[in-house]
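The values are calculated or read from the model by the stated rules, or taken from the named source; none is laboratory data. Bear in mind that the values here come from a model prediction, so they are computed numbers and not experimental data. Accessible surface areas use protein heavy atoms only, side chains included; no ligands, DNA or RNA. Shrake-Rupley method; radii C 1.70, N 1.55, O 1.52, S 1.80 Å.
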Amino acid sequence: VTTIDSVAAVRATVTAARAAGRRVGLVPTMGFLHEGHLSLCDIARRRADVVVLSIFVNPLQFGVGEDLARYPRDIQRDARLAASRGVDILFVPDPAQVYPEGGAAVRVRAPDLEDRLCGRFRPGHFEGVLTIVAKLFNIVPADVAVFGQKDLQQLALVRRMTSDLNFALEIVAGPVIREPDGLALSSRNAYLDPDARRAATALYRSLQAAQAAFSAGEHDPAGLAGAARAILDAAGGVTTQYVEVVDVISLDTPSHARPGHAVAVAAVVGETRLIDNHLLI
Ligand code: PAF
């Protein structure tokens, strides 16, 4: 794996690869890689000839009082893991090059999709995400970009931005990857102490309860959300932020749940905010 930290160098390398007829895949991350990220690299590997993994802890998407300063980082380990999964280029930009004017006066917003679900609890977060993703799409002119389904609202926003702003790349989603007990992989799981780690399984169990209710014939979104919420409420140390059944493109709650609709949850476990979702089958 080749590590590149300059915007000009990565753009030149990717442009040359594409001029030579090679397809380029981009996997944007904030690092501290786990199997979830690496599974996205595998998807990119299958769809592209050159895989670029970007690692950038984007200050713009962290709110006041959030975990920017303590967000876990280990670039050396990340580089080893990326190399082991066939990543060709590790793009680890210098913040001064990403935000050359020191900040972003121009930002990308999608108010209708942003100000719900996680957006209600993290004001400004998705504006920061869309702005950095738009910048990464311009810096790394890829053919395909791969995002995790776990960040359901982020994925919907990135898809809509790509379409609305005519970015010429394909967006592909990778499934949620879980621990054996169902906990969705997240870099923030590193914050969980043993008690919180045990309590955190409530998120997946709540999604399973919603699926069980759906399979048993409950198609009312409020009923499904209630089934999930009962599990979260019964778990000690878990403060639920939302449980919603949504269409994965519009993020609207349907009148009747169908297969392919998502049950999405967010909860604070101990001190750590976790999200998860499940596509109904
Ligand atoms: O999902 C993430 O890790 C981040 O939100 C992303 C897409 C890399 C933008 O900073």
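Side notes on the structure shown:
- Within the listed set 225, 69, 44, the Gaussian network model of the chain (springs between alpha-carbon atoms below 10 Å) gives the highest mean-square fluctuation for 69.
- Here's how it looks for residue 178: its modeled amide H is under 5 Å from those of 185, which are all 5 or more places away or on a different chain.
- The apolar share of the surface of the stretch 12-57, taken as the fraction of accessible area on carbon and sulfur atoms (1.4 Å probe, ligands and nucleic acids excluded), comes to 53 percent.
- Of the complete DSSP H runs in the chain, those spanning 15 angstrom or more by Cα along the long axis with a mean Kyte-Doolittle score not below -1.0 are 7-19, 35-47, 125-139, 152-164, 201-215, 221-234.
- Long-range amide H partners of residue 2 with built H, under 5 Å: 89, 90
- Prolate/oblate/rounded call for the stretch 63-202, Cα gyration tensor, a/c under 1.5 rounded: rounded
- Per-q log10 I(q)/I(0), the stretch 183-281, q = 0.10, 0.11, 0.13, 0.24 Å⁻¹ (Debye; single scatterer per alpha-carbon; no solvent): -0.25, -0.30, -0.41, -1.16
- Accessible area (Å², 1.4 Å probe, nearest 10) - residue 66: 70
- Working note: Cα gyration tensor of the stretch 56-135, eigenvalues times five, square-rooted, sorted largest first, giving semi-axes of 26, 15, 14 Å.
- Accessible surface for the stretch 216-280, divided over its residues, is 42 Å² per residue with a 1.4 Å probe.
- Cα shape, the chain, gyration tensor, a/c 1.5 rule: prolate
- Beta bridges from DSSP with both residues in the chain: antiparallel share about 45 percent, rounded to the nearest 5.
- Largest-first ordering by accessible area, 1.4 Å probe, given options 279, 60: 279, 60
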